[in-house]
Amino acid sequence: MSVGKSVARKDALEKVRGTEKFVADLRLPGMLYAKMVMSSSAHAQINLKGISDRKLRKNTLILTAADIPGKNILPLVFSDMPFLPVAEVNFHGQPIALIAAEDKNTLIDAVRAYKVEYMPLPAVLSIEDALKKDAPRVYGTDNIFKSYRIVKGNAHEAFKQAPRIAEDTYRTPYQEHAYLETQGMLAVPDSDGSMTVYGSMQCPFYVRDAVASILGLPLSKVRIIQAATGGGFGGKEDIPSLMAAYASLLSWKSGRPVQLVLSREEDLIFSSKRHPSITHYRTAYDEQGRIKAVIVKYYLNAGAYATLSPVVLWRGTVHAAGPYRIDNVLVETYAVATNLVPCGAYRGFGTPQILFAHESQLDEIAHSLGRDPLEIRRINLISEGDTTATNQKLTESVGARETLEKALKSSGYKQKIFEFKNNPGKEEWRKGIGLSTVFYGVGLGAGGKHLDRSGAFVQLNADGSAEVAAGNTEMGQGYKTVIAQIAASELGISYERVRILDVDSSRVPDSGPTVASRATFMSGNAVIVACRELKTRLLPALSEKFSTSVSAPDVLWKNDKVIQIATGREIELQELAKFALYEKKTGLSTVGWYVAPNTTFDNENGQGDAYFTYSYATNIAEVAVNLRTGEIKVERITACHEIGKAINPQQVEGQIQGGTLQGAGYATCEEILHDNGLMKTTGFSTYIIPTVLDAPEIVPLIAEKPYSQGPYGGKGFGELPLMGVAPAITNAVRNATGVKFCQIPLTPERVFQQLKDANQAILKTAKKN
Ligand code: MTE
Ligand code: MOS
């Protein structure tokens with residue numbers, strides 16, 4: 001059985017050889033190149049002047065909102081964002097007009113020559129400003145797109161009685177996805193008036209909705225085919241809908257294929273990012289370190305349109321109190337409108353932000369009691385039978401403690417705490433160690449339950465090979481590989497005999513978005529449903545071959561054979577399939593359909609079974625801090641993840657390696673700067689992400705507590721590796737320096753300033769004689 005084995009990735013060879021075709025590699029006869037004219041103001045009334053040069057005008061196709069035949073609204077959660085603005089721009093980089101040309105030079109000249117007159121309006125540029133009484137209105141009457149509440153027990157009462165209280169305000173920055181491949185789409189008009197779009201995306205069915213909306217077409221006339229996708233990380237959940245709509249509109253008007261691929265600068269300015277956040281976190285606890293209550297206020301800077309913010313906010317809300325047993329919880333959360341780029345999904349959907357606040361506060365509690373931060377986790381962590389903040393009783397597959405104990409042992413935490421204290425480091429360098437334990441709801445949960453279903457087409461061929469087309473997408477996370485492993489294991493055939501097809505919206509059922517770490521669980525289960533149906537269909541043929549009535553429990557599907565358990569009698573699957581197809585005329589292709597286990601959430605008090613299951617992780621970070629420069633070296637991170645079952649352990653380790661490094665970048669160096677609402681960080685020369693040279697030693701560990709509803713017990717965990725890294729690092733820096741950090745990234749400037757404020761910095765070199 002290939003499940004549980006580290007088989008080679010399905011897409012490995014094409015990727016390492018460079019033969020895989022990404023959108024930018026595609027060329028079609030008559031194809032036009034396209035670009036967007038982007039707003040250079042954060043908030044203004046606009047007057048479109050266009051291009052005065054006649055030759056340029058003649059050689060280009062220029063479209064604005066007035067040219068949209070369908071609806072000028074991006075269909076997504078609130079549907080508040082126009083594809084193209086009519087009279088007003090609301091953020092720097094907002095696309096205003098679309099231009100297509102036969103060659104790239106003409107195109108670039110035309111974009112430069114296109115004139116827009118801006119009449120500036122007051123812009124709202126921060127959460128604090130947006131919430132002021134007299135703030136200019138970006139959305140509604142209060143600049144709040146959405147808010148949620150969790151009320152469990154009576155937090156205010158518990159605070160009155162608690163012997164101790166911790167309180168702090170935590171801030172987190174933007175984070176850019178920095179996928180290797182920028183956003184790109186290729187729209188191709190068909191002669192029957194329908195539109196086909198190839199592109200880099202996570203959510204083909206969202207893209208289909210958007211193209212149908214802008215062109216005013218029925219869904220059946222829009223076909224979306226995912227091209228190879230060079231990373232998404234959540235950034236290709238919403239933006240591809242806009243990109244495909246733009247390419248399709250130009251293609252519709254010109255009758256030609258149109259390719260729209262962003263430069264890195266355009267991508268950085270226009271595409272969604274992780275929301276900056278502010279969290280006021282208060283914890284009531286007793287002398288033993290037991291948490292009695294938390295009161296949390298959480299604010300996300302959502303940008304100019306709601307896009308995915310309600311979903312991101314909901315997930316942050318549900319995870320606000322971490323994987324801990326807390327009887328009294330009051331959480332209030334807000335997605336705040338500003339004149340900045342609309343933020344969206346990024347690995348974790350609002351969870352890394354709030355977990356940073358909570359895991360930092362747990363260390364604050366430990367320090368105030370003079371206890372090891374580890375003990376605070378041990379005392380409060382949830383186990384089977386406990387309830388979460390939303391009062392969900394967790395009954396199975398709760399691995400929080402396992403991850404903690406396994407990571408502690410492997411990292412040598414206890415010795416190191418002792419060692420670093422007694423032997424803090426060489427000269428100005430101080431060593432420290434810190435940890436975090438976090439959880440993560442798998443799938444869309446109650447907040448997106450209408451989308452939580454998935455379909456998979458499986459076809460068994462006469463030679464015993466199989467094709468699978470499931471409705472989720474590969475974006476580097478190893479989806480094709482694990483889905484092939486599940487299909488192979490279910491049909492009892494070798495992994496090499498399974499081919500996974502790219503998603504084509506006209507050939508697979510709408511399976512919702514490929515987000516929320518749901519693909520292995522949802523598509524995996526849909527594939528299992530389909531394979532079981534095929535095996536049932538083969539039983540009459542099998543009975544005839546074995547000359548006895550055979551039912552499902554009587555046989556094993558294994559090693560490309562079907563084996564009768566009682567007698568050991570076997571038949572090659574190939575022989576059976578051929579016999580069934582040609583003699584019995586059995587249909588050997590089918591679509592499996594899987595609906596996620598039920599989830600609930602009441603909007604009044606935020607109580608319910610928010611997610612059907614959770615995965616868990618502990619990160620232990622070891623750092624060295626330079627007291628003279630504020631520089632931090634993250635030396636090692638031990639990351640243990642409890643994920644139900646590792647379908648492919650090597651891919652799991654790969655996810656841990658990549659996600660942990662993204663988390664380290666978030667904690668230490670990634671930052672986007674603005675000047676008056678205009679984004680200044682527009683390239684990788686100033687947006688600093690860690691390279692291999694900055695990478696700490698990452699020690700990936702896997703814990704398994706199978707989940708009864710998961711494919712082979714698996715739960716899904718693609719986002720989890722990033723989730724708890726930042727607080728583990730800041731807690732380690734605190735351990736090294738004794739100074740607490742409530743704001744990331746820990747750039748040398750910020751660290752030095754705070755060390756200085758706390759009299760911990762080394763200001764001058766003592767002169768040696
Ligand atoms: N890994 C790679 N290599 N590339 C990606 O784009 N996206 C992450 C994670 N791991 C991503 C990745 C995000 S944001 C999600 S939601 C999950 O993969 C989605 O995949 P899954 O559902 O198969 O876990
Ligand atoms: Mo991932 S942020 O759910 O695409």
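The values are calculated or read from the model by the stated rules, or taken from the named source; none is laboratory data. This is a predicted model, so every value here is computed, not measured. We place every Cβ from the backbone using ideal geometry, glycine too, and count neighbours over all the protein chains shown.
Tabulated results
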read-out: Scan of the range 580-596 for residues that are in a helix (DSSP H, G or I) and surrounded by 13 or more Cβ atoms within 10 Å (Cβ to Cβ), ordered by number; value: A580, L581
read-out: Residue, nearest to T395 (Cα to Cα), within the range 632-682, restricted to residues that are in a loop (DSSP other than H, G, I, E, B) and within 16 Å of ligand 1 (Cβ to nearest atom); value: G644
read-out: Residues located in the range 592-621, provided they are in contact with a helix residue (DSSP H, G or I) (Cβ under 6 Å, 6 or more places away or on another chain) and over 17 Å from R149 (Cβ atoms); value: G592, Y594, T599, S615, Y616, A617, T618, N619, I620, A621
read-out: Wholly enclosed strands (runs of 3 or more DSSP E) of the range 491-579 bearing at least 3 residues in contact with a strand residue (DSSP E or B) (Cβ under 9 Å, 6 or more places away or on another chain) and in contact (Cβ under 8 Å) with a residue 12 or more places away in the chain; value: 498-500, 555-558, 561-564
read-out: Residue among H280, H319 that alone is within 16 Å of ligand 2 (Cβ to nearest atom), of a type outside the set (S, T, Y) and more than 30 Å from A101 (Cβ to Cβ); value: H319
read-out: Test: residue in the range 237-245 that is within 16 Å of ligand 1 (Cβ to nearest atom) and not in a helix (DSSP H, G or I); value: yes
read-out: Qualifying residue in the range 385-406 (condition: more than 26 Å from the chain's Cα centre (by Cα), under 30 Å from Q161 (Cα atoms), surrounded by fewer than 24 Cβ atoms within 10 Å (Cβ to Cβ) and modelled with pLDDT of 95 or more); value: yes
read-out: Residue that is farthest from ligand 2 (Cβ to nearest atom), among those in the range 323-365 that are among the hydrophobic types (A, V, I, L, M, F, W, C) and more than 22 Å from the chain's Cα centre (by Cα); value: I365
read-out: Meets criteria (surrounded by fewer than 24 Cβ atoms within 10 Å (Cβ to Cβ), among the aliphatic types (A, V, I, L, M) and under 30 Å from G608 (Cβ atoms)) for L501; value: no
read-out: Residue ID - farthest from the chain's Cα centre (by Cα), chosen from residues in the range 184-208 that are among the polar types (S, T, N, Q) and surrounded by fewer than 24 Cβ atoms within 10 Å (Cβ to Cβ); value: S191
read-out: Residues located in the range 58-95, provided they are touching a Ser or Thr at 6+ places or on another chain (Cβ under 6 Å) and in a strand (DSSP E or B); value: L61, V89
read-out: Which numbered condition S551 fails, given (1) within 15 Å of ligand 1 (Cβ to nearest atom); (2) more than 29 Å from V211 (Cβ to Cβ); (3) not aliphatic (A, V, I, L, M); value: (1)
read-out: Subset tally (residues that are within 16 Å of ligand 1 (Cβ to nearest atom) and of a type outside the set (A, V, I, L, M)) for the range 347-376; value: 7
read-out: Some residue of the range 466-489 being aromatic (F, W, Y), within 29 Å of Y179 (Cα to Cα), outside any strand (DSSP E or B) and modelled with pLDDT of 95 or more; value: yes
read-out: Where a residue in the range 358-369 is farther than 15 Å from V733 by Cβ and its partner, wherever it lies, is of a type in the set (S, T, N, Q), with Cβ under 6 Å and at least six apart; value: Q361/T283
read-out: Residue that is nearest to K756 (Cα to Cα) [pool: residues in the range 597-631 that are in a strand (DSSP E or B) and charged (D, E, K, R)]; value: E622
read-out: Among residues of the range 426-476, those that are surrounded by fewer than 24 Cβ atoms within 10 Å (Cβ to Cβ) and closer than 30 Å to H367 by Cβ, counted; value: 6
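This table checks each residue for (1) of a type in the set (A, V, I, L, M, F, W, C); (2) out of contact with any strand residue (DSSP E or B) (no Cβ under 6 Å at 6 or more places or on another chain); (3) closer than 28 Å to Y139 by Cα.
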{"position": "V296", "(1), (2), (3)": "yes, no, yes"}
{"position": "Y299", "(1), (2), (3)": "no, no, yes"}
{"position": "G303", "(1), (2), (3)": "no, yes, yes"}
{"position": "R325", "(1), (2), (3)": "no, yes, no"}
{"position": "A337", "(1), (2), (3)": "yes, no, yes"}
{"position": "Y346", "(1), (2), (3)": "no, no, yes"}
{"position": "G370", "(1), (2), (3)": "no, yes, no"}
{"position": "D386", "(1), (2), (3)": "no, yes, no"}
